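Written below as structure tokens is the structure these notes are about.
Read-outs: derived from the displayed coordinates by stated rules, not from any lab. Predicted model only: the values in this text are computed from it and were never measured. Cβ atoms come from the backbone with ideal geometry, glycine included; neighbour counts cover every protein chain shown.
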Amino acid sequence: MAETLRFNTDRTFHEDLHRAVDEYFRSTGRQKRGGWQIYVKSCVILACFFLSYFLLVFLAQNVLQGLVLAIILSSSITAIGFNIQHDGGHQSFSDHRLVNRLAAMTMDLVGASSYMWHWKHAMFHHNYVNITGYDPDIDLGGLGRLSPHQEWLWFYRWQHLYMWVLYGLLVVKWQFFDDFKNLITGRIYRHRMPRPKGADLLIFIAGKLSFLTLAFVIPLFYHPPGAVVFFYFVTVLTMGVPLSIVFQLPHCMERADFPLPVGDTGVMESPWAVHQARVTLDFDRRSPVRTWLLGGLNFHIEHHLFPGVCHTNYPGISKLVEEACRQAGVKYAEHPSIWAGLAEHYRWLKKMGMPDYIRGQQ
């Protein structure tokens, strides 16, 4: 496997698409980054987070109240990830570098490292989407099979059933294992990355301590250990599934491609922008409520083509992207609803669990 990949250098589609989108921003006067919409939205989400946390820890009187508040807290943390941290990590939350850094650091507040996320997601996933051996998001460490080019193991026959449980455990693994493993090894998946130093290391440590304090230390002053652990798991398990499926529905599907480099050259057949459209699907684009909650990640093709554009702009540019793909003969696909996407992902998990669906077959 080549250490790095290169894409076809034909930038025609990429440049045509950028001209159309640049004209959209020029003619509408909208900001590519930031704007009052995302700032107001972030204040609402953070207020929900702190209020639900306060009520859960200090005022909840019984299990039912605790469950309701834990689910609201879980939804608030998920919304922080989709709407604030994600844009901050992609430098699209604001025109100001410091504001983007602070937005990205909301991930550290809830237990996952924004530094590690930058390398895993913004660098390795976005550059190598759905390329087996390069994209860390489609490798489950032997627990499942998401690509037709990955080896098959006998227990994958049931992955369409057990995978949903593993999705629920994603956040626990992230908070207590993945970040520390990456820090110690200096690697994410098969890729080397610089270990955090100076301010980055300080933020990593402070973030983990802040998370442990909020999740365990403070609650233990007011509640028995069993209750604290129980509500921690209620919160993180109800986060893990939506976090997983929002990033799986656009990529791990029958209609998404899983291309490989040409021979041993380390060169992809498609140019970068064409590749992004081939391996990504939108879903549920016509639901303004889910668009608001998911930080525009249902417009996933637009996000992969324009990660530096604030998500509040994705609905506006989606028709331009779709039209540019149609004119260039580039695939543009979507799930009409989130439920259709879930059903297709379920079928893909089942197909990937079949022993006769082996490397190289699509």
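Close amide-amide hydrogen proximity is noted between residue 112 and no other residue 5 or more places distant or on a separate chain, at a cut-off under 5 Å (H modeled in the peptide plane; Pro and chain starts excluded). Under 5 Å from the amide H of residue 105 lies no amide H of any residue 5 or more positions distant or on a separate chain, with H modelled from the backbone and absent for Pro and chain starts. Normalised by the number of residues in the chain, the mean separation of alpha-carbon contacts (under 8 Å, six or more apart) gives a relative contact order of 27 percent. With the simple spin-label model, which puts each label point 7 Å out from Cα in the Cβ direction, the residue 181 to residue 6 separation comes to 3.3 nm. Note that region 322-335 has calculated 3J(HN,Hα) couplings of 4, 5, 5, 5, 4, 5, 8, x, 9, 4, 9, 10, 8, 8 Hz, one per residue in order, obtained from phi through the Karplus relation 6.51 cos²θ - 1.76 cosθ + 1.60 (θ = phi - 60°); glycine and proline are x. Using the Karplus relation 6.51 cos²θ - 1.76 cosθ + 1.60 with θ = phi - 60°, the per-residue 3J(HN,Hα) values for region 106-112 come to 4, 5, 5, 4, 9, x, 10 Hz, with x marking Gly and Pro.
Net length available on complete extension from residue 54 to residue 122 is 21.2 nm, with 0.36 nm assigned per residue and the Cα-Cα distance removed. Amide hydrogen proximity for residue 335: with H placed 1.01 Å from N in the peptide plane, the residues at 5 or more positions away or on another chain lying under 5 Å are 282, 283, 284. Checking the cross-link pairs 41/197; 41/208; 32/197 against a 29 Å limit on the alpha carbon distance flags 41/197; 32/197 as lying beyond it. Take the alpha carbon atoms of region 124-146, find their center, do the same for region 28-102, and report the distance between the two centers in whole angstrom. Region 124-146 and region 28-102 have Cα centres separated by 28 Å.
From the square roots a ≥ b ≥ c of the eigenvalues of the alpha-carbon gyration tensor of region 229-352, which class results: rounded (a/c under 1.5), prolate (a/b over b/c), or oblate? Verdict is oblate for region 229-352. Simple rule: put +1 on each Lys or Arg Cβ and -1 on each Asp or Glu Cβ in region 6-352, find the dipole, and look at 222, 124, 78; the Cα lying farthest toward the positive end is 222.
Full extension of the chain between residue 209 and residue 265 gives 15.7 nm of extra length, using 0.36 nm per residue less the Cα-Cα distance.
Compute the helix-to-body angle for 198-212: its Cα long axis versus the longest principal axis of the chain, expressed 0 to 90° and rounded to tens. So the inclination is approximately 50 degrees.
Between residue 16 and residue 343, residue separation times 0.36 nm minus the direct Cα-Cα distance comes to 114.3 nm.
The phi-based Karplus calculation (6.51 cos²θ - 1.76 cosθ + 1.60; θ = phi - 60°) puts the 3J(HN,Hα) values of region 309-318 at 9, 4, 5, 5, 8, 4, x, x, 9, 5 Hz, whole numbers, x for Gly and Pro.
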